[in-house]
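Down below is the structure, laid out as structure tokens.
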Amino acid sequence: MIDTKILDLKNMLMSQASLVEKMVSMAISGIYSRWDGLLKEVRVFEERVNQIELDLEIKCITAIALYQPEARDLRLIMMIMKINNDLERLGDQAVNIAESVEHLVDQPIVNKLPELEEMKNSAFEMLKQSLDAFAAEDVEKSRAVCDADDAVDELNRKIFYRLMEIMKENIGAIEPCLHLLRIAKNLERIADLSTNIAENTVYMAVGKVIKHNIDKE
């Protein structure tokens, strides 16, 4: 009975993950296409994601109370709850990006940041790989996601310094640059949250904590 319940919870989480992945994809595609109605559509997804997050959390708590799972079963449910929270936060990052994109219409400055395109692609790839790893309980793929995080952090630093230079040279570019800084920060958070999902997947699969490099000590 507990196995069936855990499978139901995992399937519900994967449905949530699919929504969030689409939500993030829409938001980051808007960085360059900047189409009207992006924010409205992303917010429609946000409402669904927020409701599922609450429903899934209640189902997890109820499962723990009813079945009193132990060892691996308890670990699975607890990690589903943590990843559920990370997915909701990923949705928040997508909304933040969509909000900033609305202020970048007809702003050619975006094209002066090749690192932003790379960062966008890298962060989204980390998200996709972390969700694939969770679905398959793939430890090696999860570790690869964690290893990719430093490169995204470095891109964020490069974008920060480049935008600082642009703002010093052109005071009229300050507002769009601030929105681009926010987008870069949100992309960094997407990478961080994807790393969280990967770390929790490893713990869920094999009971090993890799957060903060604890398993290397």
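Residues in the stretch 140-153 carry Karplus couplings, in order, of 5, 5, 5, 5, 5, 4, 4, 5, 7, 5, 4, 5, 5, 4 Hz; the curve used is 6.51 cos²θ - 1.76 cosθ + 1.60 with θ = phi - 60°, and Gly or Pro positions show x. In degrees from 0 to 90, rounded to the nearest 10, what is the angle of the helix 174-206 Cα long axis to the longest principal axis of the chain? Long axis of 174-206 versus the principal axis of the chain: about 20 degrees. Binning all Cα-Cα separations of the stretch 34-123 at 10 Å, short to long from zero, yields these whole-percent fractions: 14, 31, 25, 17, 10, 2.
Below 8 Å, C-alpha to C-alpha, sequence gap of six or more: please give me the relative contact order for the chain in percent.
On the way: 255 pairs, mean separation 57.1, N = 217.
26 percent.
Distance from the Cα centroid of the stretch 169-201 to that of the stretch 63-114 is 14 Å (rounded to whole angstrom).
Couplings 3J(HN,Hα) of the stretch 108-115, computed from phi: x, 4, 4, 6, 8, 10, x, 5 Hz, in residue order, whole Hz [Karplus 6.51 cos²θ - 1.76 cosθ + 1.60, θ = phi - 60°; x for Gly and Pro].
Here's the list of lysines a cross-link from Lys112 could span, going by alpha-carbon distance under 30 Å and ignoring same-chain residues fewer than 8 apart: Lys22, Lys40, Lys120, Lys128, Lys158, Lys168, Lys185.
Under a point-charge model restricted to the Cβ atoms of Lys and Arg (+1) and Asp and Glu (-1), what is the dipole moment magnitude of the stretch 2-216 relative to its Cα centre, in debye to the nearest 20?
Details: 27 positive and 38 negative charges, 36 e Å.
That gives the stretch 2-216 a dipole magnitude of about 180 debye.
Spin-label model, Ser29 to Tyr67: label points 7 Å out along the Cα-to-beta-carbon direction sit 3.7 nm apart. Both radii come from the Cα set of the stretch 2-216: Rg as radius of gyration, Rh as Kirkwood radius; their ratio Rg/Rh reads 1.03.
All of the numbers you see were taken from the coordinates with simple rules; none came from a lab. A quick note: this is a predicted structure, and the numbers were derived from the prediction, not measured. Neighbour counts run over all protein chains shown; Cβ positions are idealised from the backbone, glycine included.
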